[in-house]
Structure formats: C-alpha cells, structure tokens
Amino acid sequence: MTPANQNIKTYQWGHERRFNTYSGYFRDIYGARVQKVSIDAGFTCPNRDGSRGLGGCTYCNNDAFNPSYCQPSKSVSEQIGEGIEFHKWRYDEAVSYLAYFQAYSSTYASLDKLKKLYEEALNYPGVIGLIIGTRPDCIDDEKLEFLKELSGKYYVAVEYGIESCYNKTLMRINRRHTFEEAVWALERTTAYGINTGAHFIFGLPGENREEMMNQVDIISGLPVKTVKFHQLQIIKGTVMETEFMNNPIDFELFTWEEYLDFFIAFLERLNPAIVVERFTSETPPRFLTSGGWGKKRTDQLLHLVEKRLEELDTWQGRLYKDKRQKTKDKSKK
Ligand code: SF4
C-alpha cells in the first residue's frame, strides 16, 4: 500500500506521485492522457428557476468558471470542436476527450433532451465519455438507467456539487438541498454502476477550520470515485460578495500558505482510494473580489503541494484508517 522502504516508489494507486491523481487515474484506464472539454448546453438549475429556490447559491456566478469557448448559443459539437482546438494549443499529447457538461445543472431537463445532447457529444470524433456536473436533487432512476446503458460503452461520471458536509453551511449558502440528499444521490448513482464525482469548497462562512478538516472522515466514507476541492473565493456580482462587503469578519479566507498546510493535513487523512482531481480553483482576476492568490497558477500550486509532500515525506492516506479498521481497534480495547 505504502512504500515499505526508500527503494519502493509506487503507491497503492499505481504510480510514484504522492497523491491519487486524476491524470494517473485515466492513464491507468486508457493508457494515455485524456482531456476534458467543457460544454455549456444552456441548462438552468432548480435553485434559480424557483422550483427549489430563487437567486441561486450565494457564491455562484457560472460566468466566472466557464471557459471562453463555452457558449450555449453554440451547438454541443461546435463547443467540443473549439474546446479541442483550445486544448491542442496548450497540450499536444491528448488524443481522447471527455465531454464535460459543466455549466449549471446538466441533468436538469427531460430525458429526451438529455439523450439528444449527450449523444451528440459522444458522436463527436475522439470523445470517449461524459462527465456530467449537476446537483444531488437533479437525478432520478430514469436518467440513471439511461446513463447506465451509456456506461456500458463509454466512460460516464456524474459529478455532484456537494460543497459541505454540514447542513448548517448548506443553508447558509442557500444550496437548498441537504447533505443527506447528496449522500442519497452518490449511493444511487453508484448502485447503477456509474462513476461518481463530488465537489467541495473550503472556507465557507460559518465553518471553522476544525470543522472543515473533520469533513475528511465523512468524505473518506462516501461512495465517490473522484473529488474536487477548492478554496472559497468571493466572486463579483454574487450574493456572497454583498455579504462579504457588509461583514468581512464573517469570512476567514485562506491565504495560500494556510491552505497549503491545511490541504496537506487533509490529504494525509483522506481515503487513498479517492482520486483527487483538483484542490484549488483559479478564477480570472476580473471576476474576483477576494480570496485569490495573486499570480500563482494552478500548475505552480500543484508543484508546491507535491514539493511539500516530498519534504514532509508524506502522502495521501498516510493517516487514513477506514471505519472497519477503527471499529476493530475499538473492540480490541
Ligand atoms: S452553484 Fe450550481 S446549484 Fe448553485 S445556483 Fe449555481 S448552478 Fe445552481
């Protein structure tokens, strides 16, 4: 599982990097680099159209994280084509692509409409699968049944925005779903044999650092294959921006140095079977009111995390003990 001595450099996820990386996960499945290509297919979300709530989550401004080529006025195929060109320019290695339905809640439509959009993406040359971002309350058995059929032929994952394990926080940020609903969605999706992803934010108002850290044991026990974490940033034009301006002491935003220490400690306790796709977020400065880390780019931050792991000679899951083991230990006392 872990390196027994200095000469063995491979961890239980099959490579020498000190955490269970997303790129390694796909290399393991496909033997090559796979690139995600984002799509905004023009969905909305039940927390905006009034069926669950109005106004949306307090931190949400989809424009801040949608790549420039994603425009719902363009077809799915056009967006994939432009996305592939965009990524080719940056990395010339990817030969296969995952269509990432990213914006808003990408299962929030009739099954007929979803079928059309997803199938259009899968028919694009080079696309080998789908990643579908959505809310835990936007999935049902009919949709899962269809996704299960697709997953017989393609890579399919549903990525749920969960954000926090605490209902008090979910209320505070106006998510309008509970953590129990998120667990239900993950369990149901897993029961259909479909890959699951989850997204969490560190630094949300009303949570102290200890509470944020303690989520690691809960997340470690979830039926989740991949996770994305990021630090809270205050985005222009959001309800949270107004709250922040009115009462900045209510927010304890991470500096990069604090976040690095926090994240390393979190990673050491995280279940090593969970693939970590991302641990920071990079918002274009024009969208940002606070919480950015200057000119540090995502790849530089990744390098700094890996360097710190090396210096401390630690790795993902070094301090992880699964619940079954904990129960055994207790019964021995
Ligand atoms: S974060 Fe997601 S669920 Fe919340 S308002 Fe935005 S699109 Fe809707």
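The values are calculated or read from the model by the stated rules, or taken from the named source; none is laboratory data. Note that this is a predicted model, so its numbers are computed, not measured. In this analysis, Cβ positions are derived from the backbone assuming ideal geometry, glycine residues included, and neighbour counts consider all displayed protein chains.
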Open item on the list: For the structure I just gave you, tell me whether ILE131 is in contact (Cβ under 8 Å) with a residue 24 or more places away in the chain, more than 22 Å from HIS199 (Cβ to Cβ), in contact with a strand residue (DSSP E or B) (Cβ under 7 Å, 6 or more places away or on another chain) and aliphatic (A, V, I, L, M).
Closed with: no
Open item on the list: Residues to consider are ALA185, ALA157, ALA191; find the one that is in contact with an Asp or Glu (Cβ under 9 Å, 6 or more places away or on another chain) and not charged (D, E, K, R).
Closed with: ALA185
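Table: residues versus (1) under 24 Å from THR196 (Cβ atoms); (2) touching a helix residue (DSSP H, G or I) at 6+ places or on another chain (Cβ under 8 Å).
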residue: MET240; (1), (2): no, no
residue: ASN246; (1), (2): no, no
residue: PHE251; (1), (2): no, yes
residue: ALA265; (1), (2): no, yes
residue: GLU268; (1), (2): yes, no
residue: ASN271; (1), (2): yes, yes
residue: GLU277; (1), (2): yes, yes
residue: SER290; (1), (2): no, yes
residue: ASP322; (1), (2): yes, yes
Open item on the list: So in the range 227-237, with the set limited to residues that are farther than 13 Å from LEU204 by Cβ and under 21 Å from the mean Cα position of the chain (by Cα), which one is surrounded by the fewest Cβ atoms within 10 Å (Cβ to Cβ)?
Closed with: LYS228
- [ ] Provide a single number: the residues in the range 230-281 that are in a loop (DSSP other than H, G, I, E, B) and of a type outside the set (D, E, K, R).
- [x] 17
- [ ] Please go through the range 16-53 and pick out each residue that is in a loop (DSSP other than H, G, I, E, B), over 19 Å from PHE287 (Cα atoms), more than 10 Å from the ligand (Cβ to nearest atom) and not small (Gly, Ala, Ser).
- [x] GLU16, ARG17, ARG18, PHE19, ASN20, ARG33
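Inside the range 54-63, can you point out the residues that are at pLDDT 90 or above and more than 8 Å from the ligand (Cβ to nearest atom)? Before you say what the answer is, go through the steps one by one.
Residues of the range 54-63 at pLDDT 90 or above: 56-60.
The answer is THR58, and nothing else.
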TODO: Could you pull out the residue among ILE139, ILE128, ILE80 that is closer than 12 Å to TYR154 by Cβ and touching a helix residue (DSSP H, G or I) at 6+ places or on another chain (Cβ under 8 Å)?
DONE: ILE128
TODO: Would you confirm whether any residue within the range 39-57 is surrounded by fewer than 22 Cβ atoms within 10 Å (Cβ to Cβ), in contact with a strand residue (DSSP E or B) (Cβ under 7 Å, 6 or more places away or on another chain) and touching a residue at least 12 places away in the same chain (Cβ under 8 Å)?
DONE: no
Open item on the list: Can you tell me which of (1) surrounded by fewer than 20 Cβ atoms within 10 Å (Cβ to Cβ); (2) away from the ligand (no atom under 16 Å from the Cβ) is the one PRO72 doesn't meet?
Closed with: (2)
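I'd like to verify a number: residues in the range 186-212 that are assigned to a helix (DSSP H, G or I), surrounded by fewer than 16 Cβ atoms within 10 Å (Cβ to Cβ) and not small (Gly, Ala, Ser), how many? Don't jump to the end; show me each part of the working.
Let us first name the residues in the range 186-212 that are assigned to a helix (DSSP H, G or I), namely 186-191, 209-212.
Retained after the next criterion (residues that are surrounded by fewer than 16 Cβ atoms within 10 Å (Cβ to Cβ)): 187, 191, 209-211.
If we keep only those that are not small (Gly, Ala, Ser) too, we end up with 187, 209-211.
Residues meeting the conditions: 4.
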TODO: With respect to LYS143, determine if the residue is surrounded by fewer than 18 Cβ atoms within 10 Å (Cβ to Cβ) and either in contact with a strand residue (DSSP E or B) (Cβ under 7 Å, 6 or more places away or on another chain) or not aliphatic (A, V, I, L, M) (or both).
DONE: no
- [ ] Could you figure out which of (1) farther than 10 Å from PRO136 by Cβ; (2) free of Cβ contacts under 8 Å to residues at least 40 places away in the same chain isn't true of THR178?
- [x] (1)
Open item on the list: Against the definition (farther than 30 Å from VAL239 by Cβ, out of contact with any Cys (no Cβ under 6 Å at 6 or more places or on another chain) and of a type in the set (Gly, Ala, Ser)), how does GLY126 come out, yes or no?
Closed with: yes
- [ ] Filter the range 116-146 down to residues that are within 20 Å of ILE80 (Cα to Cα), in a helix (DSSP H, G or I) and of a type in the set (A, V, I, L, M), then give me how many there are.
- [x] 3
TODO: Return a yes/no flag: does the range 75-95 have any residue that is out of contact with any strand residue (DSSP E or B) (no Cβ under 7 Å at 6 or more places or on another chain), crowded, with 21+ Cβ neighbours inside 10 Å, free of Cβ contacts under 8 Å to residues at least 40 places away in the same chain and not in a loop (DSSP other than H, G, I, E, B).
DONE: no
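One line per residue, one yes/no per condition, for (1) more than 26 Å from TYR100 (Cα to Cα); (2) touching a Gly at 6+ places or on another chain (Cβ under 8 Å); (3) among the hydrophobic types (A, V, I, L, M, F, W, C); (4) within 15 Å of the ligand (Cβ to nearest atom):
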site: CYS165; (1), (2), (3), (4): no, no, yes, no
site: ILE173; (1), (2), (3), (4): no, no, yes, yes
site: GLU187; (1), (2), (3), (4): no, no, no, no
site: GLY206; (1), (2), (3), (4): yes, no, no, no
site: THR226; (1), (2), (3), (4): no, yes, no, no
site: LEU232; (1), (2), (3), (4): no, yes, yes, yes
site: ILE235; (1), (2), (3), (4): no, no, yes, yes
